[in-house]
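Novice: Attaching a single structure in structure tokens format; questions to follow.
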Amino acid sequence: MSRLDAHQHFWVFEQKEYGWISEDMTALRRDFLPADLKRAAEEAGVNGSIAVQARQTVEETRWLLELSAQNDFIQGVVGWVPLADRRVGDVLEEFVQNRKLRGVRHVLQDEADPCYMLRADFNTGVRLLEPLGLAYDILIYERHLAQTIQFVDRHPAQVFVLDHVAKPRVASHELSPWREHLRELAKRDNVYCKLSGLITEAEHGNWTEADLVPYLEIALETFGPGRLMFGSDWPVVLLGARYGEWVSVVERAVQRLSEAERQRIWSGTAQEAYRLPWHASL
């Protein structure tokens, strides 16, 4: 069974470039490059990945595309472009020449305005993505889900991919209102979801698999294998677990599913959502 990691990052660490990596995140304060990922992923039976932006610069998008050209293991890139800038069309014109660019992301979770995603200029930029065949990755906290539903409804033809199941409050074991909002969002067939990031939202160094199970089950119930995809969030996952540990958690969570359903989660859904060269259907 092929396995595709639909969410991972690379960086050459410099504090000024990655201000979100605080001094207590010692596991992340070094370089993470394709050779590091390939070693960890192959040990866990994962044979491909999608690289996702970690900085909001066009330079990083260019760099990720260069890495993807040098490493067949990287099957696609979710980059950053200035969606709220009136010149974003020119930037997209440059990048869409590269078929490895499969999506775009903006770090909405860090915007001071919780309704940034509803801004007219931002939505004008988002409207350029669907005709180009690009997905949009939604990076939010669970508190942003209500306005995310409004945002998605403005773009019914756009493929959206929800990162990290909208970052529920795993550390405090809270399910509501995340669960209810997630179910409402999932009614939109153009929204896919990444089974990723839950360990990061748990209590680092003190989580158990039982802490994660309710969130995994709700994600499976809500989106189903047809719209759910595996992602590691490497290297951020290293704050709470080794790469293989998260893979094992997901393996156990999906073991009751049919082989075809498991194949969707491990690779088929991501290949479909990001329009990679081939994908398994359910």
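Novice: Here are GLU60, GLU93: which of them is buried (at least 17 other Cβ atoms within 10 Å of the Cβ), charged (D, E, K, R) and without any contact (Cβ under 8 Å) to a residue 40 or more places away in the chain?
Specialist: After ruling out the rest, the residue left standing is GLU60.
Novice: Quick one: is VAL104 outside any helix (DSSP H, G or I), touching a helix residue (DSSP H, G or I) at 6+ places or on another chain (Cβ under 6 Å) and crowded, with 22+ Cβ neighbours inside 10 Å?
Specialist: no
Novice: Have a look at VAL91, VAL52 and point out the one that is modelled with pLDDT of 95 or more and closer than 27 Å to ILE21 by Cα.
Specialist: Exactly one of VAL91, VAL52 is modelled with pLDDT of 95 or more and closer than 27 Å to ILE21 by Cα, namely VAL52.
Novice: Can you find, within region 1-25, the residue that is surrounded by the fewest Cβ atoms within 10 Å (Cβ to Cβ) among those that are in contact (Cβ under 8 Å) with a residue 60 or more places away in the chain and either closer than 23 Å to ILE138 by Cβ or of a type in the set (D, E, K, R) (or both)?
Specialist: TRP20
Novice: Which numbered condition in (1) part of a helix (DSSP H, G or I); (2) of a type in the set (A, V, I, L, M); (3) touching a residue at least 40 places away in the same chain (Cβ under 8 Å); (4) in contact with a Leu (Cβ under 8 Å, 6 or more places away or on another chain) is the only one that VAL170 fails?
Specialist: Result: VAL170 fails condition (1) only.
Novice: Sticking with this structure for a sec: TRP80 fails exactly one of the following numbered conditions: (1) closer than 24 Å to TYR243 by Cα; (2) touching a helix residue (DSSP H, G or I) at 6+ places or on another chain (Cβ under 6 Å). What is the number of that condition?
Specialist: TRP80 satisfies all of (1) closer than 24 Å to TYR243 by Cα; (2) touching a helix residue (DSSP H, G or I) at 6+ places or on another chain (Cβ under 6 Å) except (1).
Novice: Assuming VAL152 fulfils every condition listed in (1) on the phi < 0 side of the Ramachandran plot; (2) touching a Ser or Thr at 6+ places or on another chain (Cβ under 8 Å); (3) hydrophobic (A, V, I, L, M, F, W, C) apart from one, which condition is it?
Specialist: With (1) on the phi < 0 side of the Ramachandran plot; (2) touching a Ser or Thr at 6+ places or on another chain (Cβ under 8 Å); (3) hydrophobic (A, V, I, L, M, F, W, C) applied to VAL152, the lone miss is (2).
Novice: How about region 112-133: which of its residues are crowded, with 21+ Cβ neighbours inside 10 Å and touching a residue at least 40 places away in the same chain (Cβ under 8 Å)?
Specialist: Selection gives GLY125, VAL126.
Novice: Being over 30 Å from GLU66 (Cβ atoms), without any contact (Cβ under 8 Å) to a residue 60 or more places away in the chain, surrounded by 15 or more Cβ atoms within 10 Å (Cβ to Cβ) and of a type in the set (Asp, Glu) is the requirement here; does ASP153 meet it?
Specialist: For ASP153, the condition - over 30 Å from GLU66 (Cβ atoms), without any contact (Cβ under 8 Å) to a residue 60 or more places away in the chain, surrounded by 15 or more Cβ atoms within 10 Å (Cβ to Cβ) and of a type in the set (Asp, Glu) - is not met.
Novice: Here's another thing I want to ask about it. When both residues are 6+ apart or on different chains and their Cβ atoms are under 6 Å apart, which pairs have a first residue that lies in region 26-47 and is in a helix (DSSP H, G or I), and a second that is surrounded by 12 or more Cβ atoms within 10 Å (Cβ to Cβ) and at pLDDT below 95?
Specialist: Close Cβ pairs (under 6 Å, with a partner that is surrounded by 12 or more Cβ atoms within 10 Å (Cβ to Cβ) and at pLDDT below 95) amount to LEU28/ILE21.
Novice: Further question: Could you tell me how many of the residues in region 74-94 are aliphatic (A, V, I, L, M) and outside any helix (DSSP H, G or I)?
Specialist: Residues in region 74-94 being aliphatic (A, V, I, L, M) and outside any helix (DSSP H, G or I): 6 in total.
Novice: Take region 246-259 and flag every residue that is in a helix (DSSP H, G or I), surrounded by fewer than 16 Cβ atoms within 10 Å (Cβ to Cβ) and in contact with a helix residue (DSSP H, G or I) (Cβ under 8 Å, 6 or more places away or on another chain).
Specialist: Answer for region 246-259, where residues must be in a helix (DSSP H, G or I), surrounded by fewer than 16 Cβ atoms within 10 Å (Cβ to Cβ) and in contact with a helix residue (DSSP H, G or I) (Cβ under 8 Å, 6 or more places away or on another chain): just ARG252.
Novice: Next question, about the same structure. Give the residues of region 1-23 that are outside any strand (DSSP E or B), within 23 Å of LEU162 (Cβ to Cβ) and among the hydrophobic types (A, V, I, L, M, F, W, C), sorted by residue number.
Specialist: LEU4, PHE10, TRP20
The values are calculated or read from the model by the stated rules, or taken from the named source; none is laboratory data. Please read these numbers as outputs of a predicted model, since none were measured by experiment. Using ideal geometry, Cβ is built from the backbone for each residue, glycine included, and neighbour counts are taken over all protein chains shown.
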